[in-house]
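Accompanying notes for the structure given below.
Each reported figure results from applying straightforward, stated rules to the coordinates on display, with no laboratory input. Computed from a prediction, not measured in an experiment: that's the story for all the values here. Glycine also receives a Cβ, built like all others from the backbone with ideal geometry; neighbour counts cover every protein chain displayed.
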Amino acid sequence: MSTPQPEPVLELRDLRKSFGANAVLKGVDLSLRPGRITALLGANGAGKSTLIKALSGVHDPTAGEILVDGKPVELENPIAASRLGVRTVHQRIDDAIVPGLSVAENLVFEQIALREAPPVASLGSLLPRARKVAAALSLEWDDAFLKQDVFELGIADCQMLLLARALVTEPKVLILDEPTSTLSQSEAERLFETILKLRDDGVAILHVSHRLAEIEQLADDIVVLRDGRITATQDRPFDFAAAVTSMLGEGMTGDIARLEHLVGDQVAIELTGHQIFPESPALSMQLRGGEVTGVIGLIGAGKTELAEHMFGETTTPHGGSMTLRGRPYSPRHPKHAIANGVYLVPEDRAAQGMMPGWSIAKTFSLPFLSRFARGSLLQPKSETQRAAQAIDEFGVVATGPGQSVDALSGGNQQKVMVARWMQTPPDVLVLDEPFRGVDIGARREIARRARAQAADGSCVVMLCSDVDELREIADRVLVLVEGRITLDARIDTVTDEQIVQSMTEVA
């Protein structure tokens, strides 16, 4: 005899949402029950972000019902949703943090907005409450850290801040949108412990993720969203092949099948005596054209600092030199790197690669304006034509080149970023966490394009913190730990255990 299911704490009935003539949600029925983790799978553009925003009070549904504890409700804004116990941790950090305020003020921001805590007149009076909120995730943040402007934080610390802020309020329903996309393995494991404890305490959790291993570890059931509709549901044991088929309309047989490793024979960029951090030892490395080098490490390993130095965003004060195709190379600004054929797809595409409100066409042409100009005048027709070609080549789901890049899903934004830098063959292409927040289909396309670029002779460098992602794309692996190289090997000669062990070596 099966155990009866508890009544849903949150229920959607025929939920619909349209933006003008564009129907995004086309009749979603979904039940979230207390003490269960529901994983939501869906390709980029399936409607996941719109669904999450409808549940968190950002979007007003066009039709249908939302019920909390069996009663119809209207989630007019995020505060209304929070008052009903529906809390959301969004994937996009800039949707939730307030630059210009301290870490402490951001930690207690929601409590003050909900009037669960009295307003305060000074930062000092906030600190005791902020310490308590940080303790919800065992964050060892001292007062100096809590007093600094949140704008100074890295992505991972911002993500942990938002998680702590949501969890301390004891929600009925917790919506997590790619919560581990910026976290190290240890931080993710700490988060998993918290999520499982919340589930055991009776919280209904909607967990949005593209990482199947993460879903296998956490979820009690799976729902698949495709083209604005729920196309499949599963209980344990999960059939991921069927779930992916429901999500993409095809199986996983199209995943990157690396039948032949690329082996570069010409040094593209060489670093000699380079110190990533003041306290780290000098390192030297050669990155070759004609292959994909995967640089992997935990947060703080120095991956992004390495990428920014090669791209001219930072100049190292710690010594060392670089050469590009055998000639001295010392970019003082990204424009110098671009002029030399060194391109970077940044870790934070929204903050570092996009201008708010810009169209796909303008976003696409931004680093190469001279190519789209005649004399001193830009040629919008040329911009539009090239962007339309890129949309077609990379399978970007968009209404056209004139659509705002802000309106695209995360995976489609990432395709635009990658397409922008691949419109002409680069000498060196650096991809910093290129698979972050993208679905399996987008990940497959980006990986395929990157390998094709390497096969044509480019030096492709991918920075990541996930071993599975590394194996999907790389020919060679470099492991960084606190600015040191602890492993340099062909990817097919080392095991996952060896890579992980090298990532955790202590200086």
Hey, which lysines would be in cross-link range of Lys48, C-alpha to C-alpha under 17 Å, not counting anything within fewer than 8 residues on its own chain? Lys17, Lys26
Rg/Rh for segment 352-507: what does it come to with C-alpha atoms and Rh from Kirkwood? 1.04
Please report, in debye to the nearest 20, how large the charge dipole of the chain is about its Cα centre when each Lys and Arg carries +1 at its beta carbon and each Asp and Glu carries -1 there. 1460
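With only Lys, Arg, Asp and Glu charged, each at its Cβ (+1 for the first two, -1 for the last two), find how big the charge dipole of segment 1-107 is about the Cα centre; round to the nearest 20 debye. Each step should come with its number before you reach the end.
On the way: 12 positive and 12 negative charges, 55 e Å.
The calculation lands at about 260 debye.
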Per 10 angstrom bin, beginning at 0 and ending with the bin that holds the maximum distance, the Cα pairs of segment 5-61 fall in percents of 21, 54, 22, 3
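When Rg is the radius of gyration of the Cα atoms in the chain and Rh is its Kirkwood radius, what does Rg/Rh come to? Before the final figure, lay out each step's value.
Details: Rg = 23.4 Å, Rh = 24.2 Å.
Computed over Cα atoms, the ratio is 0.97.
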If you split all Cα-Cα distances of segment 350-425 into 10 Å bins from zero, what percentages do you get per bin, shortest first? 21, 57, 20, 1
Principal axis box of segment 143-202, alpha-carbon based, largest edge first, Å: 35, 24, 19
Simple SL model, points at 7 angstrom along Cα→Cβ for Glu170 and Asp265; separation in nm is 6.9
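Where Lys and Arg each count +1 and Asp and Glu each count -1, what net charge lies around Val203 among other residues with Cβ under 11 Å from its Cβ?
Values: positive: Arg33, Arg36, Arg87, Lys172, Lys197, Arg199; negative: Glu170, Asp200, Asp201.
It works out to a net charge of +3.
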